[in-house]
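K.L.:
Here's a structure for you.
The values are calculated or read from the model by the stated rules, or taken from the named source; none is laboratory data. Since the model is a prediction, treat every value here as computed from it, not as a measurement. So basically every Cβ, Gly included, is an ideal-geometry build from the backbone, and we count neighbours across all protein chains shown. For accessibility, only protein heavy atoms count, side chains too; no ligands or nucleic acids. Shrake-Rupley method; radii C 1.70, N 1.55, O 1.52, S 1.80 Å.
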Amino acid sequence: MTEEKIRLRDAIKINLRGLLLLYSLVPGNMFMTGLFIVVDVVCSYWDYFFLAKFVNDVVLGSSREVLVWDVILVTIGRTLINYLFNSLQKFWFYSGSNSWELPNAHLNEKMMSMDYEYMESESIHNRRRDIDAMVRHNGGGVCKLFWLATPVVEKVIQMLVAFGYTAYLVSRSFVAFSVEPVKAVLFVGTFSLAFAALLMLSTKKNKVAEEKMYRYGEANVPNDRQYEFYTTEYMEKGECGKTIRMFHQQNLLSSHFEKLIETIHGNIDKMSREDQKRNVWVGAVEALVSGLVYFLLAVMVSKGAILVGSICLYAGCIINFLYHFRYCLVQWVELSANTKYVKMYLDFLDIPNKKYEGTLPVEKRDDDQFTIEFRHVSFRYPGSDQDVLKDFSIKFRIGERLAVVGKNGSGKTTFIKLLCRLYDPTEGEILLNGIDIRKYDYREYLSLFSVVFQDFKIPALPLGENVAVSTEYDAQRVELVLERVGLGELLQKMPAGLNTPLYTDFDKNGVDISGGEAQKVAIARALYHDTPFVILDEPTAALDPLAEYEIYSHFDDLVGTKTAVYISHRLSSCQFCNDILVIDGGKAVQRGNHEELVKDQEGLYYTLWNTQAQYYQTEG
Ligand code: ADP
């Protein structure tokens, strides 16, 4: 978290941009908010004004009709306006117009559209989590902006009205002391000084307390991250559950977790103690100011400068002014402290996509004749000083089968990531039909590929939507691919057919599927998209070599005339391929078919084949 100081001008710009962003989420929000502000201001002065008028009308002996109208306005009028607008306000805000989730929509969109390399960056994930943690612990960030800024606008208008009345009162005091102007100045001066001194004292106390409270909330942000780690990322995960039991980690984890909870609660306690101390102070100051105001008004009434009923109006105005001033101050301190979180949110949205997006359309070819070439490609991951691929050159054509084999960590997945432009090469170029892939429209280029990654994910959505990656799809075609990958029987058993949600995370009517079935769903998803290239990047790594071989060779039958790329660290899985590329330490070291490669006793393939065969024999 940055500790840079934000200049006032920048702070205003940041908050305004944040507010506009919030308002832009729901059309009409700005108008409705303005309307509610005006109604709130009218309502808060309504009582003082009509109560004062009522008492003064009584004192002046006004007609019964006037008095009845005064009473109606004070009671029914105010209640009616309040009721009507409160209902409208609740309806408007609770119907989602200012829901806390809305700003998340921008963040989610950003996460899904940012360059892929950011998705593999821990610092980006931490920044995203910090934004959430801030909302949880301080209710802060852009979500809070609406609730901080809107009341400030309202209170400032309230203060202006109160100020107008107070100015009028001061002018009346000069009338009251007209024969003794020195006394008038002394009277108003003393009062103003006492008022200002008390106001400043209250301001200072409030500011200090608010800043401290914010700091305690802020101190819980990293704790929150830890809390999430212990709960959702560790204690609740099945795979960690095994380790917890095997190594009796319960006590170790519980003791750390308890310490963390203590720290979090420590900060919350400090916050609430600070709040209580501040309230005592503020209460005392407000009591003193109220006393002063009533004394001033009593003097004015005795001098005949104002009518007795106007005490309600002026006392209300001045005390309101004080209250609004304090409120604005608290909001201001919070707004200032919150600014850096709004900035955090906006900075996150502003993270620039570095990847150059070309405009060239991908040639639509009926014969699907595409050639891909890696020409002297070197690549290193951002922040790393080691090349993962080094001077890597290969060429392959549509309709061919390419197997990429090599030890774990040799750069096979990186090769696929570059092929799909999830990253761009650090040096060299990748060509599609002789043109650098950076020049193509990225969406069009990506639509050439379907990849089943090692860490593929099947979200808890209906089966049909999962395969088609859309809510609208050709059901017959989905059923056909499910059949082809061997999920026909499973589909028969699904209670709502393609509409059956997978997994029971969000829907108790969902159906939990096994790892192997999930793999088949992922393969069906790749096939449904009917792209010229399909790639299997070891989605079968958790299976034994024989099962992997069966899936790979069966898949080979399924892909027909498409180009298929098979990645595996197990040579046996890919021996059916006529074209096998061996990668070692980021370099393409051998290429050929199984028979050729296994003959070359100097080559890596030969060594790996014999080593792995030995293991399989031992395993078998
Ligand atoms: P393979 O698929 O052959 O197992 P990878 O292409 O996944 O190998 O990884 C090649 C090398 O790149 C490994 O040393 C791995 O640690 C490193 N690597 C992979 N992903 C990243 C990343 N996001 N950031 C930094 N290094 C990475």
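K.L.:
Are there DSSP H segments in the chain that both extend 30 Å or more along their axis (alpha-carbon positions) and score a mean Kyte-Doolittle hydropathy of at least 0.5? List them, or say none. Present the calculation step by step, with values, prior to reporting the outcome.
P.N.:
Numbers: long enough: 29-59 (45 Å, 1.19); 142-176 (50 Å, 1.18); 181-228 (68 Å, -0.16); 250-302 (76 Å, 0.20); 310-349 (54 Å, 0.68).
The answer, listed by residue number, is 29-59, 142-176, 310-349.
K.L.:
Oh, and also: Rounded to the nearest whole Å², what accessible area per residue is found for the chain with the 1.4 Å probe?
P.N.:
Working: 32640 Å² over 620 residues.
It amounts to 53 Å² per residue over the chain.
K.L.:
Pulled fully out, how much extra length does the chain show between Leu446 and Asn593, if you take 0.36 nm times their separation in residues and subtract their Cα-Cα distance?
P.N.:
Working: separation 147, 0.36 × 147 = 52.92 nm, distance 2.87 nm.
Computed gain between Leu446 and Asn593 is 50.1 nm.
K.L.:
Something else now. Of the GluC sites (Glu not before Pro) in the stretch 159-268, which ones lie in a loop per DSSP and count no more than 12 other C-beta atoms within 10 Å?
P.N.:
Numbers: sites: Glu210, Glu211, Glu218, Glu228, Glu233, Glu236, Glu239, Glu258, Glu262; in loops: Glu236.
Passing sites in the stretch 159-268 are Glu236.
K.L.:
For the stretch 463-620, what % of the accessible area comes from carbon and sulfur atoms, probe 1.4 Å?
P.N.:
That share works out to 48 percent.
K.L.:
Taking a virtual spin label 7 Å from the Cα of Asn279 along the C-beta vector, which residues in the stretch 210-229 bring their backbone nitrogen under 20 Å of it?
P.N.:
210-217
K.L.:
Along the Cα-to-C-beta direction of Asn509, a point sits 7 Å from the Cα; which residues of the stretch 472-496 have their amide N less than 16 Å from that point?
P.N.:
493-496
K.L.:
Would you kindly state how much longer the chain becomes between Leu186 and Asn126 on full extension, computed as 0.36 nm times their sequence separation minus their alpha carbon distance, in nm to one decimal? Walk me through the numbers on the way to the answer.
P.N.:
Details: separation 60, 0.36 × 60 = 21.60 nm, distance 6.02 nm.
Gain on stretching Leu186 to Asn126: 15.6 nm.
K.L.:
Quote the FRET efficiency, to the nearest 0.05, computed for Leu35 versus Asp530 with a Förster distance R0 of 51 Å and r equal to the Cβ-Cβ distance.
P.N.:
Details: r = 53 Å, r/R0 = 1.04.
FRET efficiency, Leu35 to Asp530: 0.45.
K.L.:
Still on this structure, I have one more. At R0 = 51 Å, how high is the FRET efficiency between Trp332 and Lys364 if r is their beta carbon distance? Nearest 0.05 is fine. Walk me through the numbers on the way to the answer.
P.N.:
Details: r = 59 Å, r/R0 = 1.16.
In this case the efficiency is close to 0.30.
K.L.:
Moving on. Using +1 on the beta carbon of Lys and Arg, -1 on that of Asp and Glu, and nothing else charged, what's the dipole of the chain about the Cα centre, debye to 20? Kindly include the intermediate steps, with their values, before the conclusion.
P.N.:
Working: 65 positive and 77 negative charges, 693 e Å.
Dipole size: approximately 3340 debye.
K.L.:
Right, next: With label points built 7 Å along Cα→Cβ from the Cα atoms of Tyr381 and His554, find their separation and express it in nm.
P.N.:
Modelled inter-label distance: 3.3 nm.
K.L.:
Which FRET efficiency, nearest 0.05, do Val156 and Thr611 yield, Cβ-Cβ r, R0 56 Å? Don't skip to the end; give the middle numbers.
P.N.:
On the way: r = 77 Å, r/R0 = 1.37.
So, using R0 = 56 Å, E works out to roughly 0.15.
K.L.:
Note the full-extension length gain between Ser87 and Asp47 as 0.36 nm times their separation in residues minus their Cα-Cα distance, in nm to one decimal. Don't jump to the answer; show the numbers that get you there.
P.N.:
On the way: separation 40, 0.36 × 40 = 14.40 nm, distance 1.99 nm.
Answer, rounded to one decimal: 12.4 nm.
K.L.:
Assuming a strict under-26 Å limit between Cα atoms, what lysine pair count do you get for the stretch 329-398 once near-sequence pairs (fewer than 8 apart, same chain) are dropped?
P.N.:
Numbers: Lys340/Lys354; Lys343/Lys354; Lys343/Lys355; Lys354/Lys390; Lys355/Lys364; Lys355/Lys390; Lys355/Lys395; Lys364/Lys395.
Total qualifying Lys-Lys pairs in the stretch 329-398 comes to 8.
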